[in-house]
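Colleague: Sending over a structure as structure tokens; questions will come in a sec.
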Amino acid sequence: MIWCVEDDPSIREIEVYALNSTGLEARGFADGGEFWEALETERPELVLLDVMLPGEDGVAILKRLRSDERYREIPVIMATAKGTEFDKVQSLDLGADDYITKPFGMMEMVSRVKAVLRRSQPKQATPLLKLKGLTLDENQHTVTIDDQRVVLTYKEYELLRLFLSHPGMAFSREQLLQTVWNTEYAVETRTVDMHIRTLRQKLGEYGRYIETIRGVGYRLEDKYDKQNI
């Protein structure tokens with residue numbers, strides 16, 4: 001079940017109709033109050049969440065979802081009329097799985113919903129990925145340095161997982177956008193640089209292992225050990 005949280009009734013009805021017509025079950029909500037009330041008894045597969053809502057806006061709802069253990073794994077696509085890079089990056093850093101900028105076509109919306117649903121399917125257990133004292137555990141979805149937890153955003157985590165899974169491999173910014181953001185739609189390559197910068201800062205001394213390849217992109221220096229669970 002896909003939940004569409006949109007205060008404009010005409011847009012909400014079109015979203016629900018488009019999703020239903022492609023074989024996906026969908027339900028609409030006019031505001032955060034209706035959404036939270038329904039969430040007490042049901043759980044959606046994905047939430048299409050408008051940013052500009054009356055009362056509690058979409059950003060506040062997203063923060064609450066990601067801070068609650070019961071709901072933090074629910075995939076969220078943010079829908080907003082704002083088109084600046086800051087708004088896009090902010091939504092992603094707060095834990096949104098994707099964003100879509102209004103006005104958008106219904107086929108684009110359906111395509112993004114299906115893509116996020118595919119990515120959110122349960123994955124099989126994978127090895128621990130390690131770089132000396134740095135450990136990424138895909139089962140627990142955690143990152144630690146010398147057994148101390150490091151809090152990363154979803155995209156920072158996915159970047160680190162990609163680098164640790166392919167040590168020594170150089171990735172262009174376009175490849176990172178395609179792999180980590182997993183979207184066919186335009187996202188500024190500066191978004192990658194911003195996430196790499198904050199990831200390096202959070203990793204402290206281990207941040208230096210993420211090398212900048214001039215004219216290409218980034219790679220993780222080939223000094224790590226993979227250990228089976």
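The values are calculated or read from the model by the stated rules, or taken from the named source; none is laboratory data. This is a predicted model, so every value here is computed, not measured. Note that we place each Cβ from the backbone using ideal geometry, even for glycine, and neighbour counts take in every protein chain shown. Protein only, heavy atoms only, side chains kept; ligands, DNA and RNA dropped before computing areas. Shrake-Rupley method; radii C 1.70, N 1.55, O 1.52, S 1.80 Å.
Colleague: Among (1) in a helix (DSSP H, G or I); (2) open to solvent by less than 30 Å² (accessible area, probe 1.4 Å); (3) of a type in the set (A, V, I, L, M, F, W, C), there is one condition residue 49 misses while meeting the rest; what is its number?
Modeller: Among (1) in a helix (DSSP H, G or I); (2) open to solvent by less than 30 Å² (accessible area, probe 1.4 Å); (3) of a type in the set (A, V, I, L, M, F, W, C), residue 49 violates only (1).
Colleague: Can you find a residue in the stretch 13-32 that is surrounded by 13 or more Cβ atoms within 10 Å (Cβ to Cβ), within 16 Å of the chain's Cα centre (by Cα), in contact (Cβ under 8 Å) with a residue 40 or more places away in the chain and not in a helix (DSSP H, G or I)?
Modeller: Checked the stretch 13-32: no residue is surrounded by 13 or more Cβ atoms within 10 Å (Cβ to Cβ), within 16 Å of the chain's Cα centre (by Cα), in contact (Cβ under 8 Å) with a residue 40 or more places away in the chain and not in a helix (DSSP H, G or I).
Colleague: Among the residues in the stretch 71-87, are any loosely packed, with under 15 Cβ neighbours inside 10 Å, in a loop (DSSP other than H, G, I, E, B) and at pLDDT 85 or above?
Modeller: yes
Colleague: Here's something else I'd like to know. Identify, by number, the condition in (1) farther than 20 Å from residue 72 by Cα; (2) modelled with pLDDT of 95 or more that residue 46 doesn't meet.
Modeller: Residue 46 satisfies all of (1) farther than 20 Å from residue 72 by Cα; (2) modelled with pLDDT of 95 or more except (1).
Colleague: Still on this structure, I have one more. Within the stretch 158-179, restricting attention to residues that are in a helix (DSSP H, G or I), open to solvent by 10 Å² or more (accessible area, probe 1.4 Å) and not acidic (Asp, Glu), which residue is modelled with the lowest pLDDT?
Modeller: My answer is 178.
Colleague: Which residues, taken from the stretch 1-34, are hydroxyl-bearing (Ser, Thr, Tyr) and either farther than 15 Å from residue 112 by Cα or in contact with a strand residue (DSSP E or B) (Cβ under 8 Å, 6 or more places away or on another chain) (or both)?
Modeller: Correct list: 10, 17, 21.
Colleague: In this structure, does residue 61 turn out to be open to solvent by less than 30 Å² (accessible area, probe 1.4 Å), touching a strand residue (DSSP E or B) at 6+ places or on another chain (Cβ under 9 Å), modelled with pLDDT under 95 and part of a strand (DSSP E or B)? I'd like the intermediate steps shown before the answer.
Modeller: Working: open to solvent by less than 30 Å² (accessible area, probe 1.4 Å): yes; touching a strand residue (DSSP E or B) at 6+ places or on another chain (Cβ under 9 Å): yes; modelled with pLDDT under 95: yes; part of a strand (DSSP E or B): no.
Against the criterion (open to solvent by less than 30 Å² (accessible area, probe 1.4 Å), touching a strand residue (DSSP E or B) at 6+ places or on another chain (Cβ under 9 Å), modelled with pLDDT under 95 and part of a strand (DSSP E or B)), residue 61 does not qualify.
Colleague: Here is a follow-up. With the requirement that a residue be of a type in the set (Gly, Ala, Ser) and either in contact with a helix residue (DSSP H, G or I) (Cβ under 7 Å, 6 or more places away or on another chain) or modelled with pLDDT under 75 (or both), what does the stretch 92-107 give you?
Modeller: 95, 96
Colleague: Something else about it: Could you figure out which of (1) modelled with pLDDT of 95 or more; (2) over 21 Å from the mean Cα position of the chain (by Cα) isn't true of residue 199?
Modeller: Just one mismatch for residue 199, condition (2).
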